Structure formats: structure tokens, C-alpha cells
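**Student:** A single structure is presented below for examination.
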Amino acid sequence: MKTFQGRVIVPGTCTAEALVSHGGFNTLASYQMALQFGDKKVKCGDQSNPDIYKKSMLAKALCLPMTIGSTTGGMVLFGACQMGKQPACLLFSETIDSLAAAGAILGDVWTDVSMPVVDRLGQEFLDYVQTGMTITVKEDGVVEVSGE
Amino acid sequence: MILTPEQQALLNGEKGETMAKVVKTLVMYGDAFDAERMVPVTSEYGHTVISFGLKTLGPVYDLYQKLLDEGLLSKQKFTADPRPLDKNVPSSFLEDIVFNKLMYSRQASYEKQLEEMGLLDEDSYTCTSYLPQVGNVPKQGDILSWAESSAVIYANSVLGARCNRNSGILELMGSVAGFVPEFGLLTDEGRKAHWIVEVRCEHKPEAQLLGSAIGLKVMEDVPYVKGLDKWLGTELTDEATTYLKDFGAACASNGAVGLYHIENLTPEAKQQGESLIREDAKVYVIDDAELQRVKESYPVIWKDPDAKPALCFVGCPHMTLKQLEDWTDNVTRQLEENGRTKVTVPTVFTASTPVIKEFNKTERAGKLADAGVVVSYICPLMYMNNPLCKKKPVITSSNKLRTYTSSRYYTEAEILDIITGKEGSR
């Protein structure tokens, strides 16, 4: 097991399976088809992201550098929270970007969903974590990564 | 974050729980970026990215209704992104059912909410609200609470206004409160360039391809682009601003760029020159080979990569009047050269309603219609976002549309060859 310390954007705790995007996560491209057409597994629809394209994002610990793309991104993430189709948590290696921050904060303030968000975990975090590993997020921004 | 007594009172619930939540959202947003204070929104108008009434996003519209019910309206009139539906755009019977019954069934009720919230007028649905025909043109230094990646980057870069890459809904919160947290692109430091981009192409680079290459490289950083004034000149002419509109949209959608500076051309680059560049700025050199490499890296996700295109979209972001005029001239000339009278692929040019109205006053409108091209105010991206259109071989000159949909990108010259049936074009 390896431990990383980040900065808490939205507090909370969770344990979930990691889903890792090494490139920028395009929120609109990833979620739009799944949300519009009721994909129960919430599979990623971003053809430009080979790490997670067609993989289920539901209840996963989404590990990413940052989000990119359209400014509907935050609304899309907020919508995912409202529909109960959000990831278990969002873990950023870099400082969170404005679209992801908006979506995460809207989800926190305007819904009852718990989706912890931690940023500034560092490149070492993203280099180490692999899809399928187990992630535990603590209240103080500590992230534990275990498994092969 | 230090709030004024008035802002603190709002946060404490002086004007109700919902307004307190609006302010709390903005405070948390500012805290995430170490903002120290709120600053007033100073632009005349706002702009919202959410223009669509999607059946599945009911809870989003419930939030709008909650604000309306409590009298929490936008403090400014605002424009909105393009509508998702236009019956003039070719669609099948099945697609019409999907569009009207399954996807955008809340469109009418949402448009009513927008009107109540402060929409400028019926013609305000466009991603190019900053064009003079539409009239939402911020001044240099104005603080905006806008969302729409292509509009934000244009307002920041070409007009010198100040706006962060706000998300949909968040921009509404800023407009309702009348203030936004001061960080990032609202600050002098946040507008300095992390990258020097040296353009060393032999020919004028395609705007949508150059923007894509830069977006993919610098992601959310600010690029300072050298060498582009060689082709664009040093004044913001119609031709230059049209180029920058498309260039910026590609930067913003292929990466997350919210501001760029073009040496000797954009306002802050002209006023401040290289003092806008950070000491530790990295360098990215772009030549014709690099652009070709980027173009070839785009995945083609059509089931049959050799399929004949079923539809072509030009105008994401919406076209300027000059673009409509130039494309009309090019289409009619090339059709004649190819011995044809009509385009060989169903083609839609998209522009704002005010631009279309201006265009329709000219002789070119009739020529374009005779050539079989449809002119529409639709948002091609929203048209494409469904399983039926995903299977359709759609071509486009928009790198933004390529990024978010299954459409296939071609340069403008290639698109022109294809839709006018030039032999050997596809």
C-alpha cells in the first residue's frame, strides 16, 4: 500500500476501485451519451481517451490529472451527481481545474450526494495508481492506494 | 476569502437559504483557487452555455425553477448557446422522434425559464454572442460571468475581457449574485503566458488545426503565439477575428485553454508585448509537419472509414457573416468548375440568427440555397449527440465538433472539394 497526501476540495471518505485517466478527462465527451441515454454502467464515451474509453465510470475512484473540454463539464458532473451516476470520488494529480471544481462544488452544495474530491496528489500518484487498484480516501485528503 | 459585510450577510441567509447556497457555491469555488475576494461582474450582458432542455437533466431545470420561484434572477440580461433543434436541418423520421420525444422534450419549458431568468431576446441563441450583429460585445477589462468555452476564450483573448472558464450553472450563480471570485484569468498574473508557441509553417496554418495542436500541447495554460501576425496582420480585421474565433474554439475544446495572446495582434499582446511571458515559459515549435502529425493522430471511429459522407456541418462555432459570404463564393465557384449545380453531400452552414438575417439580405443567400446548402441556427454538437447520428458518417471542418462527436475532421479546402464533388476528393 502506498499513501499520498492531497488537498481537500470536497470533504468525505470512500473506498472504491480505481479508474485511471493519464490524459485530461473530457467530462462532456465522457458522460454525454451515458447520461442522455440511461447507460446503467455509465461507460466513458470519449473516443480520444484510450485509458478509459468504454469503461464503466460508475462508483469508481476516478484518478486524473485534470478535466478538459467544454464548459458544460461542471453541469454534466453536477447532473451525474443528481442522477446518482457520479464516480465514488475524484482524485486529481494536479490542482483542480475550474470546470471540475464547479461540478464538484455544485454537487456538494445542491445535492445530498457524497463525492469526495482531492487535488494536488502529485504526478507520482498518477504514475503509481493503476486501473483496478483499491483506493481509500480519508477525510483529511490522505489517499491510500493498494493492490496490484 | 474575505467577504464584504453585504456578501457575508447573504452567505448567512439574509436573503434566504437558496441565495445563501448561491453565495456558498461561489465562495467554495473561489477557495479552491485561493481567491481572496469577490469582484463585481461589470459586463453589460452575461452568456450561458446551457441552451438545451434535455429530458434526462430534469433536476438541473428544477434548480433553475427553485431560483425563479424565489425571485433570484440574473442581474444582467444574457445570451445563450445555440438551440439544439431546427426542422430545416436534414433528419430522418426516427431521428425526429429521438430529438423531440426522447432528448429535447424539455426544450420549450426550459426556454421559458431562460426568458424569465433574463434572456436578452429570441435571437440570442448562439455561441458567437460576441459578434457585432448579436451585440453582446464586452469591453477590454470587463469582468464576465460567462460559460461557453469558445466564447470565453474569444472574450478573453480578442476582446481583452476577463473571465474564467466557468462551468454551466456556475456562470448563472455569478450572474444572480452579481459578483464572482477573483482568481486565474481575472488577475494580471493569471493572464501571463506559460508557453511561447513559435509558428514556423510555410503556409498559413488552418485555424482549427493550429488551435487543436496548441490545445493538446498546453492544455489549460496560456500560450503566447509568435509568427502568426505574418498571415493575420496586426489589426483585428474581419478576417483576423474570424480566424481567431475558430482557432480559439479548437484550443479550448482540444485542450482547456481560456486565453491566448497573439504577438502584435491581440490587445494585451500589443499593449504589453513579451512582458506577458513568464520567465519559466516553455517553447513549442509548430511547423507544417507537426500540424500533419496532429491531424493524422485523430481517431476515425466510423464503422466504415470509407463510407460516403451523409452530412456535412460547417460552423462550429457559428460562422461570421464574412465566413458565410466567403464559403458561398467558394462553393458556387467550385461547383461550376466541377460541372455541378448542387452540393453532393447534404450540407449545413450554421450561424446566429442575426447573422443569418443579414446574410439573407444579400444575393448570396439565394445562390447558396440554389446550391443546396441549408443555413441554420442549430448547434451541430447537440444535433450529433445521440446514438443514431453517432452511426452517421458526418464530416466537418470543426475541430470542436470532431472532439465531442463521431464526426470526421477535414480542412476547409478538403471539405470544399468533397461537398462540391471534386473528382478524387474522397
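The values are calculated or read from the model by the stated rules, or taken from the named source; none is laboratory data. If you're wondering where the values come from, they're calculated on a predicted model, not measured in any experiment. All Cβ positions, glycine included, derive from the backbone under ideal geometry; neighbour counts span all protein chains shown. For the accessible areas, the whole protein counts, side chains as well, though only heavy atoms, and no ligand, DNA or RNA atoms are used. Shrake-Rupley method; radii C 1.70, N 1.55, O 1.52, S 1.80 Å.
**Student:** Tally up the residues in the range B:132-163 that are within 14 Å of chain A (Cβ to nearest Cβ) and open to solvent by less than 10 Å² (accessible area, probe 1.4 Å), please. Spell out the reasoning first.
**Tutor:** As a first pass, look at the range B:132-163 and keep what is within 14 Å of chain A (Cβ to nearest Cβ): B:144-156, B:162-163.
Subset that is open to solvent by less than 10 Å² (accessible area, probe 1.4 Å): B:144-153, B:155-156, B:163.
Of the residues in that region, 13 qualify.
**Student:** Could you list all residues from the range A:29-72 that are of a type in the set (Ser, Thr, Tyr) and either more than 8 Å from chain B (Cβ to nearest Cβ) or not in a strand (DSSP E or B) (or both)? Write out each step before concluding.
**Tutor:** Pass one, the range A:29-72, residues of a type in the set (Ser, Thr, Tyr): A:30-31, A:48, A:53, A:56, A:67, A:70-72.
Listed by number, the residues that qualify are A:30, A:31, A:48, A:53, A:56, A:70, A:71, A:72.
**Student:** While we're here: Go through the range B:188-209 and give me each residue that's out of contact with any strand residue (DSSP E or B) (no Cβ under 8 Å at 6 or more places or on another chain), surrounded by 15 or more Cβ atoms within 10 Å (Cβ to Cβ) and not in a helix (DSSP H, G or I).
**Tutor:** B:206
**Student:** Which of the residues belonging to the range B:344-369 are among the hydrophobic types (A, V, I, L, M, F, W, C) and part of a strand (DSSP E or B)? Walk me through it before giving the result.
**Tutor:** So the first thing to find is which residues in the range B:344-369 are among the hydrophobic types (A, V, I, L, M, F, W, C), and the list is B:345, B:348-349, B:351, B:355-356, B:359, B:365, B:368-369.
Answer for the range B:344-369, where residues must be among the hydrophobic types (A, V, I, L, M, F, W, C) and part of a strand (DSSP E or B): B:348, B:349, B:351.
**Student:** Here is a check on your reading of the model: is residue B:281 in contact with a Gly (Cβ under 6 Å, 6 or more places away or on another chain) and of a type in the set (A, V, I, L, M, F, W, C)? Break it down stepwise before answering.
**Tutor:** On the way: in contact with a Gly (Cβ under 6 Å, 6 or more places away or on another chain): no; of a type in the set (A, V, I, L, M, F, W, C): yes.
Criteria not met by residue B:281.
**Student:** Looking at the structure I just gave you, is residue A:131 among the β-branched types (Val, Ile, Thr), assigned to a loop (DSSP other than H, G, I, E, B), more than 14 Å from chain B (Cβ to nearest Cβ) and open to solvent by 40 Å² or more (accessible area, probe 1.4 Å)? Break it down stepwise before answering.
**Tutor:** Working: among the β-branched types (Val, Ile, Thr): yes; assigned to a loop (DSSP other than H, G, I, E, B): yes; more than 14 Å from chain B (Cβ to nearest Cβ): yes; open to solvent by 40 Å² or more (accessible area, probe 1.4 Å): yes.
So residue A:131 fits the description; yes.
**Student:** Identify all residues within the range A:82-93 that are in contact with an Asp or Glu (Cβ under 9 Å, 6 or more places away or on another chain) and more than 9 Å from chain B (Cβ to nearest Cβ); write none if there are none.
**Tutor:** A:85, A:88, A:90, A:91, A:92, A:93
**Student:** Given the criterion modelled with pLDDT under 95 and within 14 Å of another protein chain (Cβ to nearest Cβ), identify the matching residue among A:1, A:75. Don't jump to the end; show me each part of the working.
**Tutor:** On the way: A:1 fails: within 14 Å of another protein chain (Cβ to nearest Cβ).
After ruling out the rest, the residue left standing is A:75.
**Student:** Follow-up. Run down B:396, B:403 and say which single residue is modelled with pLDDT under 95, buried (at least 24 other Cβ atoms within 10 Å of the Cβ) and over 21 Å from residue B:354 (Cα atoms). I'd like the intermediate steps shown before the answer.
**Tutor:** On the way: B:396 fails: modelled with pLDDT under 95.
The match here is B:403.
**Student:** If the requirement is being outside any loop (DSSP other than H, G, I, E, B), on the phi < 0 side of the Ramachandran plot and within 22 Å of the chain's Cα centre (by Cα), which of these qualifies: B:416, B:401? Walk me through it before giving the result.
**Tutor:** On the way: B:416 fails: within 22 Å of the chain's Cα centre (by Cα).
Matching residue, one of B:416, B:401: B:401.
**Student:** Facing chain B (nearest Cβ under 10 Å) and assigned to a strand (DSSP E or B), is that true of residue A:96?
**Tutor:** On the way: facing chain B (nearest Cβ under 10 Å): yes; assigned to a strand (DSSP E or B): no.
No: the conditions fail for residue A:96.
**Student:** How many of the residues in the range B:25-42 are more than 7 Å from chain A (Cβ to nearest Cβ) and open to solvent by less than 10 Å² (accessible area, probe 1.4 Å)?
**Tutor:** Within the range B:25-42, residues that are more than 7 Å from chain A (Cβ to nearest Cβ) and open to solvent by less than 10 Å² (accessible area, probe 1.4 Å) number 3.
**Student:** Here is a follow-up. Which residue, of B:85, B:114, is out of contact with any Cys (no Cβ under 6 Å at 6 or more places or on another chain) and either surrounded by fewer than 17 Cβ atoms within 10 Å (Cβ to Cβ) or outside any helix (DSSP H, G or I) (or both)?
**Tutor:** Numbers: B:114 fails: either surrounded by fewer than 17 Cβ atoms within 10 Å (Cβ to Cβ) or outside any helix (DSSP H, G or I) (or both).
Unique residue meeting the criteria: B:85.
**Student:** Quick one: count up the residues across the range B:297-349 that are within 14 Å of chain A (Cβ to nearest Cβ) and either closer than 21 Å to residue B:423 by Cβ or more than 24 Å from the chain's Cα centre (by Cα) (or both).
**Tutor:** Step one: of the range B:297-349, the residues within 14 Å of chain A (Cβ to nearest Cβ) are B:297-303, B:305, B:316-317.
Now narrow it down to the ones that are either closer than 21 Å to residue B:423 by Cβ or more than 24 Å from the chain's Cα centre (by Cα) (or both): B:302-303, B:305.
Adding up the residues that qualify gives 3.
**Student:** What single numbered condition from (1) in a loop (DSSP other than H, G, I, E, B); (2) in contact with a strand residue (DSSP E or B) (Cβ under 7 Å, 6 or more places away or on another chain) fails to hold for residue A:112?
**Tutor:** It is condition (2) that residue A:112 fails.
**Student:** In the range B:265-301, how many are at pLDDT 95 or above and open to solvent by less than 50 Å² (accessible area, probe 1.4 Å)?
**Tutor:** The number of residues fulfilling the criteria is 15.
**Student:** Out of B:129, B:167, which single residue is in a loop (DSSP other than H, G, I, E, B), open to solvent by less than 10 Å² (accessible area, probe 1.4 Å), out of contact with any strand residue (DSSP E or B) (no Cβ under 6 Å at 6 or more places or on another chain) and within 14 Å of chain A (Cβ to nearest Cβ)? Walk me through how you get there before you give the answer.
**Tutor:** Values: B:129 fails: out of contact with any strand residue (DSSP E or B) (no Cβ under 6 Å at 6 or more places or on another chain).
Residue meeting the stated conditions: B:167.
**Student:** Then there is this: Being within 9 Å of chain A (Cβ to nearest Cβ) and open to solvent by less than 40 Å² (accessible area, probe 1.4 Å) is the filter here; which residues of the range B:60-82 pass it?
**Tutor:** Those that are within 9 Å of chain A (Cβ to nearest Cβ) and open to solvent by less than 40 Å² (accessible area, probe 1.4 Å): B:60, B:63, B:81.
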